[in-house]
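What follows is a short report on a single structure.
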Amino acid sequence: MSEDRSRIPATDRELVAIAAVADNGVIGADGDMPWHVPADLQHFKETTMDRPVIMGRVTYEGILETLGEPLPGRTTVVLTSRDLETPDDAVVAHDLEDAVEAAATAARERHDGADRIFVAGGATVYEQFLPAVDRLVLTEIHDAPEGDTYFPDWDREAWTETARDERDGFAFAEFVRER
């Protein structure tokens with residue numbers, strides 16, 4: 001169930017959800033993305049570089065397993081109920097308020113006043129933050145793979161598409177919430 005927007009503190013940074021989403025809403029299968037689109041990975045890197053990124057523990061652990069470290073060049077804020085030991089470029093937050101505050105602090109202190117805070121999954125984190133997100137940065141995967149993890153439903157009528165770059169088999173798209 002979606003969190004009440006009032007539970008997420010206001011910030012002077014734009015709150016942006018970034019995700020790769022298949023036509024059927026799938027974002028994951030067995031802890032991984034069920035596609036390999038190098039251009040999407042590059043887009044994610046370029047878009048989030050030198051900005052804080054909020055994610056859930058499972059997503060964070062998947063990145064550690066793949067890269068051997070948190071996302072380089074970004075502060076990772078791990079939203080979890082568990083206690084985790086993290087390196088200096090990662091911070092643990094136990095609720096939505098703490099996650100946004102930690103990301104805003106990182107934006108000010110570590111990322112030269114970065115203008116955006118990114119939310120990068122997984123499904124529960126997207127669902128919790130979606131009511132407060134200002135912008136969606138999506139890679140739309142033009143396929144319908146099997147999966148077990150889905151991006152939350154969102155009302156496209158409440159958003160304005162501001163950018164689209166169609167590619168072979170996928171598209172980069174941005175949407176801004178109508179407030």
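The values are calculated or read from the model by the stated rules, or taken from the named source; none is laboratory data. Model, not experiment: these values are computed from the prediction. Positions of Cβ are generated from backbone atoms using ideal geometry, with glycine treated the same way; all protein chains shown enter the neighbour counts.
When PRO145 is tested against (1) in contact with a Pro (Cβ under 6 Å, 6 or more places away or on another chain); (2) buried (at least 16 other Cβ atoms within 10 Å of the Cβ); (3) not polar (S, T, N, Q), just one condition goes unmet, and that condition is (2). Taking residues in the stretch 67-91 that are without any contact (Cβ under 8 Å) to a residue 40 or more places away in the chain, and partners anywhere that are aromatic (Phe, Trp, Tyr), the pairs with Cβ atoms closer than 7 Å and at least 6 places apart or on different chains are THR76/TYR60; VAL78/TYR60.
Collect the residues in the stretch 21-39 that are touching a residue at least 24 places away in the same chain (Cβ under 8 Å), of a type outside the set (S, T, N, Q) and either part of a loop (DSSP other than H, G, I, E, B) or in contact with a His (Cβ under 9 Å, 6 or more places away or on another chain) (or both), keeping them in residue-number order. The answer is ALA22, ASP23, GLY25, ASP30, GLY31, PRO34, TRP35, VAL37. Scanning the stretch 41-53 for residues that are buried (at least 18 other Cβ atoms within 10 Å of the Cβ) and of a type in the set (D, E, K, R) gives a single hit, ARG51. Please determine, by comparing only the residues of the stretch 142-168 that are assigned to a loop (DSSP other than H, G, I, E, B) and out of contact with any strand residue (DSSP E or B) (no Cβ under 7 Å at 6 or more places or on another chain), which one is nearest to MET55 (Cα to Cα). Of everything passing the filter in the stretch 142-168, PRO152 is nearest to MET55 (Cα to Cα). Inspect all residues belonging to the stretch 155-168 and state whether any of them is buried (at least 18 other Cβ atoms within 10 Å of the Cβ) and more than 15 Å from the chain's Cα centre (by Cα). No, that holds for no residue.
Of everything in the stretch 132-178, what is free of Cβ contacts under 8 Å to residues at least 24 places away in the same chain and either among the charged types (D, E, K, R) or under 12 Å from ALA17 (Cα atoms) (or both)? Give them in sequence order. ASP155, ARG156, GLU157, GLU161, ARG164, ASP165, GLU166, ASP168, GLU178, listed by residue number. Considering (1) at pLDDT below 95; (2) more than 27 Å from GLY169 (Cα to Cα); (3) surrounded by fewer than 19 Cβ atoms within 10 Å (Cβ to Cβ), the lone condition that ASP32 does not fulfil carries the number (2). When GLY56, GLY62 are screened for being over 25 Å from GLY113 (Cβ atoms), touching a residue at least 40 places away in the same chain (Cβ under 8 Å) and crowded, with 17+ Cβ neighbours inside 10 Å, only GLY56 passes.
Being out of contact with any helix residue (DSSP H, G or I) (no Cβ under 9 Å at 6 or more places or on another chain) and surrounded by 22 or more Cβ atoms within 10 Å (Cβ to Cβ) is the filter here; which residues of the stretch 107-135 pass it? If the condition is that a residue be out of contact with any helix residue (DSSP H, G or I) (no Cβ under 9 Å at 6 or more places or on another chain) and surrounded by 22 or more Cβ atoms within 10 Å (Cβ to Cβ), then ALA107, TYR126 are the ones that fit.
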